[in-house]
1. Using a basic spin-label model with each label point 7 Å from the Cα along Cα→Cβ, how many nm lie between Asp188 and Ala39?
2. Using the Karplus curve 6.51 cos²θ - 1.76 cosθ + 1.60 with θ = phi - 60°, work out ³J(HN,Hα) for each residue of segment 186-197 in order, rounded to whole Hz, and write x for Gly and Pro.
3. Suppose every Lys and Arg Cβ carries +1 and every Asp and Glu Cβ carries -1, with no other charges. What dipole size does segment 168-228 come out with about its Cα centre, to the nearest 20 debye?
4. I want to check the label-to-label distance for Asn94 and Asn219. Put each point 7 Å from Cα in the C-beta direction and report it in nm to one decimal.
5. Give me the lysines in straight-line cross-link reach of Lys218: C-alpha distance below 28 Å, same-chain residues under 8 apart excluded.
6. How would you rank 158-171, 42-55, highest first, on the average number of other Cβ atoms within 10 Å across their residues?
7. How much length is gained on full extension from Lys332 to Met292, taking 0.36 nm per residue of separation minus their Cα-Cα distance?
8. Using θ = phi - 60° and the Karplus curve 6.51 cos²θ - 1.76 cosθ + 1.60, what whole-Hz ³J(HN,Hα) does each residue of segment 168-184 get, with Gly and Pro shown as x?
Amino acid sequence: MEAFVVSARKYRPKTFDDVIGQKAITNTLENAIKNNHLAQALLFTGPRGVGKTSCARILAKKINEDISGGDQDYTFNIFELDAASNNSVDDIRNLTEQVRIPPQTGKFKVYIIDEVHMLSQAAFNAFLKTLEEPPAHAIFILATTEKHKIIPTILSRCQIFDFKRIGVKDAKDYLKTIADAQGIEAEDDALHIIAQKADGAMRDALSIFDRVVSFSGKNLTREAVAENLNVLDYDVYFKLTDSLLTNKIPDVLIQYNEILSKGFEGNHFIAGLASHFRDLLVSKDKETISLMEVGEQAKEKYLEQSQKSSMPFLMQAIELANECDLKYKLSKNQRLLVELTIMQIASITFETEKKKVNTL
């Protein structure tokens, strides 16, 4: 049996074209190499799993290939240092001594320092002079998830690139490409749930993808993914909203009890309900439909249910759900708080109808 390679490693970007969701940065870096206009100290900053280290490795490889030319192997010109485990003054002194030695082949030696914010204060100070006036053959690429922990004197010596979170659509499209490559049948909504759960980190999306494939095999359905990731399927919210709109308080309470019996927390449910109402609100207008981050199948259902929901109902429902979410942690009877909230939401249209009758 062959050793399994996780998708995050198997599909790690090898060129700038493979990097997802960071086009502005990759274009800038490619143009800087092409025009021989690359700074000697670069800082890649942003959330985890968005391509900082991958871009650093691609850049390190391309620098010598594009500028020095030739088909030689420049692997020995690339040095990676993990600042989390090499954060002392002695580690930085060893590095600065190595930096003085010019490369045997090619034009540049590239030093990638990952998690650079983990360096001690003394180590940062020891690194300052080298970073300010590095030898002509040395290029430093620093990567961090916590830019605010890096001292200003280091930041001022670097060209800073801010990596952004990867959008749900970009992550979903990339997962679709991988699913097709592996011969996996995946529903659009199933991949959308994975992309949403990853919260902007492509590495997390690929890890989740591996997990649900292990659970579901070659056929990824929305229901199977929702069950495996322990997220409430949007069908639950559609069914509940239908009951809320028709003032069926007993049905609403029974449905909420079923949700709790499956192990879901009340605060996750009420936050999800508020998001559901928000999506119904934005789907009422053609100009705001683009703000919805849901799959195509789900979008059709939202458009259909939004026609049944009035604007005043949605506004008041969002306000009640949000208020419940804020009070949840401080409440001594959390179940009652949520039940009271959904009963109030179920009464919104009833109260409106009552007022109409009274005015006749």
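Only the coordinates and a few stated rules stand behind these numbers; no lab work does. Every value quoted in this text rests on a predicted model; they were computed, and no experiment measured them. Glycine gets a Cβ as well: all are built from the backbone with ideal geometry, and neighbour counts include every protein chain shown.
1. Between Asp188 and Ala39, the label points sit 4.1 nm apart.
2. Each residue of segment 186-197 in turn: 10, 5, 4, 5, 5, 5, 5, 4, 4, 4, 5, 5 Hz.
3. Details: 8 positive and 12 negative charges, 28 e Å.
Computed about the Cα centre, the dipole is about 140 debye.
4. Those two pseudo-labels are separated by 5.5 nm.
5. Output for Lys218: Lys10, Lys14, Lys169, Lys172, Lys176, Lys197, Lys262, Lys299, Lys301.
6. Values: 158-171: 18.1, 42-55: 22.2.
Listed from highest to lowest mean packing, they are 42-55, 158-171.
7. Details: separation 40, 0.36 × 40 = 14.40 nm, distance 3.45 nm.
Residue separation times 0.36 nm, minus the Cα-Cα distance, leaves 10.9 nm.
8. Computed from phi, the couplings for segment 168-184 are 4, 5, 4, 5, 5, 4, 5, 4, 5, 4, 5, 4, 5, 5, 9, x, 9 Hz.
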